[in-house]
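Asker: A single structure is presented below for examination.
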Amino acid sequence: MAKNVTLKINHIPVTVPEGTTILQAARKAHVEIPTLCYLKDVACVGSCRMCLVEATGARGLVAACVYPVAEGMEVLTNTEKCRKSRKLSLELLLSKHKKKCLSCERNHNCELQRLSAEYNADEDKYAEEEEEFTHPIDLSAPYVVRDRDKCINCMRCVAACNKQSVGAIGAIGRGYNVHIASAFEMPLAASVCVGCGQCIVACPVGALKERTTVDEVWAALQDPSKKVVFFTAPSVRATLGEAFGLPVGTNVEGKMVAAIRRLGNCEVFNMDVTADLTIMEEASELINRIKTGGVMPMFTSCCPGWVKFVEQKHPEMIPHLSTCKSPQEMFGGLLKTYYCEKNGIAPENLYVVSVIPCTAKKSECKREEMGGEVDAAITTRELARMIKTAGLQFSELPNEAFDDPFATATGGGTIFGATGGVMEAALRTAAKMMDGAFEVVDFPEVRGTAPIKEATYNVAGVQVRVAVASGLSNAEEIIRGVQSGERHYDFVEIMACPGGCVNGGGQPTLPDSMRNSLELKDLRAKALYKSDKKNGYRRSSDSPVIETIYGEYFGAPNSHKAHEVLHTHYTADKRL
Amino acid sequence: MKQSEANCAACGERLGTPEQEAALRAVIEESRSMPGCLMHILQEAQGIYGYLPMQVQKTIAEGLGISLSEVYGVVTFYSQFSLNPKGKHRISVCLGTACYVKGSDKVLEEVEKELGIKCGECTADGLFSIDSCRCVGACGLAPVMMVGEEVYGKLKPDMIKGILDKYREESK
């Protein structure tokens, strides 16, 4: 057990385990030390010099985010020397920062702006010539926009990308010319980037953001020839409230539906329905693979960042991917076929908007084999912006229900938004399909935000070995283990973002002060599991909507028609 | 892949001659288990190829199981590494303090203009490449440039054409 150390932070005594950093100790004393390059669980290199403090026994100021505490240490975080140093650092950063704040997506939600105001930093003190800010904005990818001139080289995006074991970007050059870019200054779309967007939520400023399609959606809402339908992904209800100041983990499903309905003439569907549909198809596919000796283990395919990771880094694993489309694309297919046919709508007149926690889904809906069935995919952040533009007082909205026929879904569909959720939902239905007497619906072994979870279940005399991983470096570990023969599974769930969709690259960007003190992914996931528990339907196969969809259209899971509309294929695209 | 391959095609290089490729793969193989081997491999690779084209860096990244952006980051950090091939005659214009105050920036500009390439690049015929350096230890002759091992001092921009013509003549 670690020894305890007692020290004083601004004269306040605190006792913390040995090895704790000054930053962590200060939090215990309820003292906030400003940071820029530090981000809990992601980046800690001590390079931005914002967290400099005075500490006894140290020469000069030290970086609190990396400096370990010592017995009897006295730390002062708010002296003239600290403040001057931080202000200078900010003014130097501001000199190389394109200060186009008014129209910046991160205006009022920018760490650099927040600190500059707090420290009264003069943005023009070391002003650069205007024409210095002329680097082209990278618009190569349909999911992300990178503006190098807003970048402050904090390296948080690089740390996030490396943590994903993708490594699409890095620090290029030396000294004054250091900048963040892909190798050989490749456009992001040509790099190994998978579009997960973890760099976007790591960025403290507006250098990285999603490629917005909000204007297209507004245009469709204004177009009398179009019928517009929205559907919202499971995790959006657990995070949208954050954009309106509600506590992390507040489920705002009812207000979210009401808000979308007030954006214009549209219907609002529940994507948990096609999460249920995914489970029907995927569970059937799994059972079929087990019975017929298909390629095992089978990996889930609902996460487009993960799918791209396989196609680009491990194309040899493509046969292991389930052929099921993601819930977003299943919904697109379902709407442009079943729904259009049933309601006599020409598919080209139906404008389908998905609201997703994800940036990778923006490129997924542009994939050729998806046939443009989803017209626009907007992130939780974009939806929040639309609601603000529309002048809606979010917290005053009534709670409204989704529109039929895609309103009712099961708890299994809802937990798709968190790591382990797809696995648990699949187990609920697959076990019942294999053994009609199997009634268990809770699989706590696969819950929680641990990087890798494993379990073995006995169903109808068959041993089913499962694993769940979130974060692509953990996926990488699973792949390596499977390939080397050290890990043996039948079914593996992968979500690209650590913690799953609740922590997706399209989720609201909260201030560092919250991100560094709260366990966002746990709190957000809890909201989904709470909703699951309250739902009368826990198992996807029990959903009355699913019964209707199969009864009226697909016949049975994995039927010919289901394969045409709900399944897809993958293409090797090896990149380095 | 399509676009990145196009980039490779644009840089015009695969892995060089079979001998070069074999030498590169051998260096990677024998050093890969050594901690911090990237620098060593890059130095060796530059020795084999004269510079570090994309395909060489990709091979190194793949061999070491690290990202291309990491390799590229190291290559662009150290001035000893070059992304472009070097010419038969390597021009090095000193931008050290003494030369700089004596107007070596104008000398560099003139060399670039005369050859139609930028500092760090190589002419299409492979005859010249330009680099800048920091002090060759001949400050008394500032501004100074080197062509190969030859040192030229007390330069003025209008002297550049004459100097380069000498090398052009030689290789005819």
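The values are calculated or read from the model by the stated rules, or taken from the named source; none is laboratory data. Small disclaimer: the values here were computed from a predicted structure and weren't measured. So basically every Cβ, Gly included, is an ideal-geometry build from the backbone, and we count neighbours across all protein chains shown.
Asker: Name the helices (runs of 4 or more DSSP H) wholly within the range A:460-534 that hold at least 1 residues that are charged (D, E, K, R) and under 17 Å from the mean Cα position of the chain (by Cα)? Quick ask: steps written out before the conclusion?
Answerer: Details: elements: A:472-484, A:512-515, A:520-534.
Helices (runs of 4 or more DSSP H) meeting the threshold: A:512-515, A:520-534.
Asker: Regarding the range A:78-89, can at least one residue be identified that is under 29 Å from A:Asn4 (Cα atoms), of a type in the set (A, V, I, L, M) and free of Cβ contacts under 8 Å to residues at least 12 places away in the same chain?
Answerer: For the range A:78-89, residues under 29 Å from A:Asn4 (Cα atoms), of a type in the set (A, V, I, L, M) and free of Cβ contacts under 8 Å to residues at least 12 places away in the same chain: absent.
Asker: Just to verify a result, which residue in the range A:159-175, among those that are more than 13 Å from B:Ile66 (Cβ to Cβ), surrounded by fewer than 24 Cβ atoms within 10 Å (Cβ to Cβ) and more than 7 Å from chain B (Cβ to nearest Cβ), is farthest from the chain's Cα centre (by Cα)?
Answerer: Selected residue: A:Gly175.
Asker: Still on this structure: Restricting the first residue to the range A:323-338 and requiring it to be in contact (Cβ under 8 Å) with a residue 60 or more places away in the chain and surrounded by 24 or more Cβ atoms within 10 Å (Cβ to Cβ), which pairs with a second residue that is of a type in the set (Ser, Thr, Tyr) and not in a helix (DSSP H, G or I) meet a Cβ separation below 6 Å and a spacing of at least six or different chains?
Answerer: A:Cys324/A:Ser301; A:Lys325/A:Thr568; A:Gln328/A:Ser354
Asker: Of all residues in the range B:34-81, count the ones that are touching a strand residue (DSSP E or B) at 6+ places or on another chain (Cβ under 9 Å), at the interface with chain A (Cβ under 9 Å from one of its Cβ atoms) and not aliphatic (A, V, I, L, M).
Answerer: 8
Asker: With respect to A:Thr274, determine if the residue is in a helix (DSSP H, G or I), in contact with a strand residue (DSSP E or B) (Cβ under 9 Å, 6 or more places away or on another chain) and more than 14 Å from every other protein chain (Cβ to nearest Cβ). Even if it seems obvious, please write down each step before you answer.
Answerer: Working: in a helix (DSSP H, G or I): yes; in contact with a strand residue (DSSP E or B) (Cβ under 9 Å, 6 or more places away or on another chain): yes; more than 14 Å from every other protein chain (Cβ to nearest Cβ): yes.
Answer is yes for this residue.
Asker: Okay, next question. Does at least one position in the range A:178-197 carry a residue that is touching a strand residue (DSSP E or B) at 6+ places or on another chain (Cβ under 8 Å) and away from every other protein chain (no Cβ under 14 Å)?
Answerer: Within the range A:178-197, one or more residues are touching a strand residue (DSSP E or B) at 6+ places or on another chain (Cβ under 8 Å) and away from every other protein chain (no Cβ under 14 Å).
Asker: Sticking with this structure for a sec: Which ones in the range B:87-120 are under 23 Å from A:Met186 (Cα atoms) and of a type in the set (Lys, Arg)?
Answerer: Passing the criteria: only B:Lys118.
Asker: Cβ-Cβ below 8 Å, separation at least six or inter-chain, first residue in the range B:60-71 and under 16 Å from B:Ser33 (Cβ atoms), second among the acidic types (Asp, Glu) and not in a loop (DSSP other than H, G, I, E, B): which pairs?
Answerer: B:Gly63/B:Glu29
Asker: Okay, moving on. Looking only at the range A:71-104, count how many residues are surrounded by fewer than 19 Cβ atoms within 10 Å (Cβ to Cβ) and over 17 Å from A:Cys37 (Cα atoms).
Answerer: Total meeting the criteria: 16.
Asker: Could I ask something else about it? Do we have any residue at all in the range A:169-184 that's free of Cβ contacts under 8 Å to residues at least 60 places away in the same chain and closer than 26 Å to A:Val355 by Cα? If you could, list the steps in order and put the result at the bottom.
Answerer: First, pick out the residues of the range A:169-184 that are free of Cβ contacts under 8 Å to residues at least 60 places away in the same chain: A:169-184.
Within this subset, residues satisfying the condition of being closer than 26 Å to A:Val355 by Cα are none.
Within the range A:169-184, none of the residues are free of Cβ contacts under 8 Å to residues at least 60 places away in the same chain and closer than 26 Å to A:Val355 by Cα.
Asker: Let me ask another. Against the condition among the acidic types (Asp, Glu) and either closer than 27 Å to B:Val75 by Cβ or surrounded by 12 or more Cβ atoms within 10 Å (Cβ to Cβ) (or both), how does B:Glu170 come out, does it pass? Walk me through how you get there before you give the answer.
Answerer: Values: among the acidic types (Asp, Glu): yes; either closer than 27 Å to B:Val75 by Cβ or surrounded by 12 or more Cβ atoms within 10 Å (Cβ to Cβ) (or both): no.
Answer is no for this residue.
Asker: Do we have any residue at all in the range B:79-88 that's crowded, with 16+ Cβ neighbours inside 10 Å, under 19 Å from the mean Cα position of the chain (by Cα) and modelled with pLDDT of 95 or more?
Answerer: The answer is no, given that none of the residues of the range B:79-88 is crowded, with 16+ Cβ neighbours inside 10 Å, under 19 Å from the mean Cα position of the chain (by Cα) and modelled with pLDDT of 95 or more.
Asker: If A:Glu368 meets every condition in (1) out of contact with any helix residue (DSSP H, G or I) (no Cβ under 9 Å at 6 or more places or on another chain); (2) touching a residue at least 40 places away in the same chain (Cβ under 8 Å) apart from one, which number is that one?
Answerer: That leaves (2) as the condition not met.
Asker: Do you know which residues across the range A:535-553 are among the charged types (D, E, K, R) and within 27 Å of the chain's Cα centre (by Cα)?
Answerer: Within the range A:535-553, the subset among the charged types (D, E, K, R) is A:538-539, A:542, A:547, A:552.
Within the range A:535-553, A:Arg538, A:Arg539 qualify.
Asker: Taking A:Glu373, is it under 21 Å from the mean Cα position of the chain (by Cα), buried (at least 17 other Cβ atoms within 10 Å of the Cβ) and either away from every other protein chain (no Cβ under 14 Å) or not small (Gly, Ala, Ser) (or both)?
Answerer: Answer is no for this residue.
Asker: Please specify each residue of the range A:27-50 satisfying the condition of being of a type in the set (Lys, Arg), touching a residue at least 40 places away in the same chain (Cβ under 8 Å) and on the phi < 0 side of the Ramachandran plot.
Answerer: First, pick out the residues of the range A:27-50 that are of a type in the set (Lys, Arg): A:27-28, A:40, A:49.
Now restrict to residues that are touching a residue at least 40 places away in the same chain (Cβ under 8 Å): A:27, A:40, A:49.
Across the range A:27-50, the qualifying residues are A:Arg27, A:Lys40.
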